[in-house]
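Asks: For reference, the structure I am asking about is given below.
The values are calculated or read from the model by the stated rules, or taken from the named source; none is laboratory data. What you see is a predicted model, and the numbers here were worked out from it, not measured in a lab. Note that each Cβ is placed from the backbone with ideal geometry, even for glycine, and that neighbours are counted across all protein chains shown.
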Amino acid sequence: MYSDRELLARLIQCEAGGEGFDGMMAVGGVVMNRVHVSAGEYNRVGQGSIRKIIMQPGQFVCASETENGRYNPQNIYNMNPTQVHFDIADMVISGQRVTGFGQALWFYNPYSAGCRQFFPSEVGYFFSTIGQHCFYNPTDLYFYT
């Protein structure tokens, strides 16, 4: 079993390895924001645990060995994180975030020119684009989830 640090480094590499330093920091920041959020679904499910946040079903494609009934080769178990991934994991665990990052709890790659105004629903509003990912801060509705 991986330590929380290694699990986070693997997720950072898998979800944002091609997004540069800021992109990897932002993805790691989402995980840690979920770990520390004071209410809502991630507070109940995660209970302050990096592992529970990463392994919550349906949250991170890279945490799943299968997607849509097929093997997902791009998963955390197939990653080989390097020192930069561990360094970024250490940085976000210690509270560091990308400048102006906000309290993002969600990200996704829209594979299109723009980001939706809300994601995953009305509980998250668009905050910023970093690399090819859109990042979303919680609305007041999130805290009732």
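Asks: Taking helices (runs of 4 or more DSSP H) that do not extend beyond the stretch 1-103, which have at least 1 residues that are at pLDDT 95 or above and closer than 25 Å to Glu122 by Cβ?
Replies: In the stretch 1-103, 4-16, 20-36, 40-46, 50-55 are the helices (runs of 4 or more DSSP H) which contain 1 or more residues that are at pLDDT 95 or above and closer than 25 Å to Glu122 by Cβ.
Asks: Please determine whether any residue of the stretch 16-24 is under 25 Å from Tyr142 (Cβ atoms), in contact (Cβ under 8 Å) with a residue 40 or more places away in the chain and in contact with a Phe, Trp or Tyr (Cβ under 7 Å, 6 or more places away or on another chain).
Replies: There is no residue in the stretch 16-24 that is under 25 Å from Tyr142 (Cβ atoms), in contact (Cβ under 8 Å) with a residue 40 or more places away in the chain and in contact with a Phe, Trp or Tyr (Cβ under 7 Å, 6 or more places away or on another chain).
Asks: Condition (residue is surrounded by 17 or more Cβ atoms within 10 Å (Cβ to Cβ), under 17 Å from Gln103 (Cβ atoms) and touching a residue at least 60 places away in the same chain (Cβ under 8 Å)) applied to the stretch 54-76: is it met by at least one residue?
Replies: The answer is no, given that none of the residues of the stretch 54-76 is surrounded by 17 or more Cβ atoms within 10 Å (Cβ to Cβ), under 17 Å from Gln103 (Cβ atoms) and touching a residue at least 60 places away in the same chain (Cβ under 8 Å).
Asks: Within the bounds of the stretch 93-101, is there any residue that is within 15 Å of Ala16 (Cα to Cα), under 17 Å from the mean Cα position of the chain (by Cα), loosely packed, with under 14 Cβ neighbours inside 10 Å and not aromatic (Phe, Trp, Tyr)?
Replies: no
Asks: Of the residues Gln132, Gln83, Gln117, only one is more than 21 Å from Cys14 (Cβ to Cβ) and either surrounded by fewer than 15 Cβ atoms within 10 Å (Cβ to Cβ) or touching a residue at least 60 places away in the same chain (Cβ under 8 Å) (or both); which?
Replies: On the way: Gln132 fails: more than 21 Å from Cys14 (Cβ to Cβ); Gln83 fails: more than 21 Å from Cys14 (Cβ to Cβ).
When all the criteria are applied, what remains is Gln117.
Asks: If you don't mind, another one. For Ala39, indicate whether it is within 28 Å of Gly100 (Cβ to Cβ) and loosely packed, with under 14 Cβ neighbours inside 10 Å.
Replies: Yes, satisfied.
Asks: Continuing with the same structure: If we keep just the residues of the stretch 104-114 that are surrounded by 14 or more Cβ atoms within 10 Å (Cβ to Cβ) and assigned to a loop (DSSP other than H, G, I, E, B), which is nearest to the chain's Cα centre (by Cα)? Spell out how you get there, then give the answer.
Replies: Going through the stretch 104-114, the residues surrounded by 14 or more Cβ atoms within 10 Å (Cβ to Cβ) turn out to be 104-109.
Pick out the ones that are also assigned to a loop (DSSP other than H, G, I, E, B) and you get 104-105, 109.
Working: Ala104: 9, Leu105: 7, Asn109: 12 Å.
That would be Leu105.
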